[in-house]
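The values are calculated or read from the model by the stated rules, or taken from the named source; none is laboratory data. Note that the structure is a prediction, hence the values are computed from the model and not measured. Cβ placement follows ideal geometry from the backbone for every residue including glycine, while neighbour counts extend to all protein chains displayed. We work out accessible area using only protein heavy atoms, side chains counted, and drop any ligands, DNA or RNA first. Shrake-Rupley method; radii C 1.70, N 1.55, O 1.52, S 1.80 Å.
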Amino acid sequence: MPQHPDTGRVELTDWATTGSAIRAIRETVFIHEQGVPVELEWDGLDSSCAHVLAWNDRGEAIGTARMQQNGTIGRMAVLKDWRGRGIGQALLQTLLDLAVRQGLPRVILSAQTHALGFYERAGFHVVGEPFMDAGIPHRKMVKELTVAP
């Protein structure tokens, strides 16, 4: 399980086990901070996704992301007070490691344009034209994976 000094732990999980913690983070970040409509945030895909959660040393959930079975990563959210501390990187790396273990040839995501550099530093590259999602500009990004033997 990846560790980061500013978090107690980062773990793979699922919606049935930790859905309430995941929901609380995503409601705070996407619905309240960014104004994403509720009906767009809750797309019905969560129960079939792999999720990852970051916890602080007090046992509070502070960040989350998910990956669909086809390798689409999304819903990455870190609570405001915890941003810029490597938590997003730890969440993303945990999902990338899972994708490699599952033998996926690549992962894709839709990045908010302000976060392009974050994903580029993780080895993703932009494909296609900018588009709007929930009123927020995005770009599709792809990362080719080296599958472990």
Contact order relative to length of segment 72-124, as percent, for alpha carbon pairs under 8 angstrom and 6 or more apart: 44
Three principal axis lengths of the chain [C-alpha, angstrom, descending]: 40, 38, 29
Expected 222 nm ellipticity per residue - DSSP helices of 4 or more, -39500 (n - 2.57), all of the chain, to 500: -7000 deg cm²/dmol
The chain - percent of accessible surface contributed by carbon and sulfur, probe 1.4 Å: 51
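Counting only C-alpha contacts under 8 Å and six or more residues apart, can you give the relative contact order of the chain as a whole percent?
That works out to 21 percent.
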The chain - accessible surface per residue (Å², probe 1.4 Å): 52
Cα gyration tensor shape of segment 61-132, rounded if a/c is under 1.5, else prolate or oblate by comparing a/b with b/c: oblate
Cα-based shape type of segment 6-45, given that a ≥ b ≥ c are square roots of the gyration tensor eigenvalues and the cut on a/c is 1.5: oblate
Protection-proxy order for peptides 52-63, 36-47, each taking the mean of Cβ atoms within 10 Å per residue, highest first: 52-63, 36-47
Label zone at residue 127, where the point sits 7 Å out along the Cα-to-Cβ direction: segment 99-117 residues whose backbone N lies under 12 Å: 105-110
Long-range HN-HN contacts of residue 13 with modeled amide H, under 5 Å: 51, 52, 53
Selected from 142, 24, 111, residue furthest toward positive end of dipole (the chain; charges at beta carbon): 142
Radius 15 Å from Cβ of residue 45, net charge of other residues (Lys, Arg +1; Asp, Glu -1): -2
Cβ-defined net charge surrounding residue 127, 11 Å radius [Lys, Arg +1; Asp, Glu -1]: +3
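Given charges of +1 on the Cβ of Lys and Arg and -1 on the Cβ of Asp and Glu, with all other atoms neutral, how large is the dipole of the chain about its Cα centre, in debye to the nearest 20?
Magnitude of the dipole: close to 340 debye.
Rounded to the nearest 0.05, what FRET efficiency is calculated for residue 70 and residue 120 with R0 set to 25 Å and r the Cβ-Cβ distance?
That pair, residue 70 with residue 120, gives E of 0.70.
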³J(HN,Hα) computed for each position of segment 32-40 - Karplus, 6.51 cos²θ - 1.76 cosθ + 1.60, integer Hz, glycine/proline x: 7, 6, 9, x, 5, x, 3, 5, 7
Residue 112 versus residue 24: modelled label distance in nm, points set 7 Å from Cα along the beta carbon direction: 2.1
